[in-house]
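Contents: one structure, followed by commentary.
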Amino acid sequence: MLADNDHIPGWFNQCPAASGIGDSFRNRRRNVDLVHWCAEDGRLTLVELKWGRGAPTHAVQQILRYGAAYLLCRMHRDRLPVGNRPVMSAMHVALRVAAPIRDYRDDGLRDCLFRAQESLGRVPGRTGLAGLSMSLDVLAFPEWFDHLPFTDGAEVRDSCDRPELTEEGRIIVDAFDGLALVHLDRDGTKG
């Protein structure tokens, strides 16, 4: 809603990731949490958010599926209804997971990240999409952002679905502005 009301310009939320591919019934809930498109530099950012409803490892797997769906659409754009959309010409696709820092414990995340990052480096050669690069990063909200300022969907709508930015909306915007890259060392520690 903050994106819809232009409080975080250039961002879109709940974007379908598999629309028009396969069985629409099974894929109707496959939405990327946040998407940012920057036409000037051809950069597409897909963000999966996790907050108390699953480990970041699950979020990494989910964002990788969305990245794979993007690649599939891109490789077959001439046969799909998305072929003429500007995002289908992205030069770089950044896959990101955002979660509270406390949720980044080593539950296989480090190994999952290293394998995925290594594979993403081979995307252009294996897909025939020369000029396209992909990256994968995990981000943490600032430590001060340790709880959501809402208790349910009605409060979210009341606070965020407005043309003016409320205090609760400002907290969310500031938390997203404060996202920081999480560095996992080879031994699994956060840096």
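Quick notes on this one:
- Histogram of C-alpha separations across the chain, 5 Å bin width, %: 1, 7, 14, 19, 19, 16, 13, 7, 3, 0
- log₁₀ of I(q)/I(0) at q = 0.10, 0.15, 0.20, 0.22 Å⁻¹ - segment 49-149, Debye sum with one point per alpha carbon: -0.34, -0.68, -0.98, -1.09
- Under the criterion of Cα pairs below 8 Å and six or more residues apart, the relative contact order for the chain equals 20 percent.
- Under 13 Å, Cβ to Cβ, from Gly10 - net charge with Lys/Arg +1 and Asp/Glu -1: -3
- At most 16 other Cβ within 10 Å, DSSP loop - trypsin sites (Lys or Arg not before Pro), segment 82-184: Arg105, Arg122
- Per-residue 3J(HN,Hα) values for segment 134-148, derived from phi via the Karplus relation 6.51 cos²θ - 1.76 cosθ + 1.60 with θ = phi - 60°, read 9, 9, 9, 9, 10, 10, 10, 5, x, 4, 5, 8, 9, 8, 7 Hz in sequence order (x marks Gly and Pro).
- When the square roots of the Cα gyration tensor eigenvalues are ordered a ≥ b ≥ c, the ratio a/c for segment 34-76 is 1.5 or more and a/b does not exceed b/c, which makes its shape oblate.
- Near the amide H of Ala55, within less than 5 Å, lie no amide hydrogens of residues on another chain or at least 5 residues away, with H placed in the peptide plane.
- Projected label points at Gln61 and His92, each 7 Å from Cα along the beta carbon direction, are separated by 2.9 nanometres.
- Normalised contact order of segment 94-191, rounded percent, pairs of Cα under 8 Å and 6 or more residues apart: 34 percent
- Under-5 Å amide H pairs with Leu136, H placed in peptide plane, nonlocal only: Leu95
Read-outs throughout are calculated quantities, based only on the coordinates presented, and are distinct from any laboratory measurement. Worth saying up front: this structure is predicted, and the values here are computed from it rather than measured. Cβ sites come from the backbone with ideal geometry, for glycine too, and all protein chains shown count toward neighbours.
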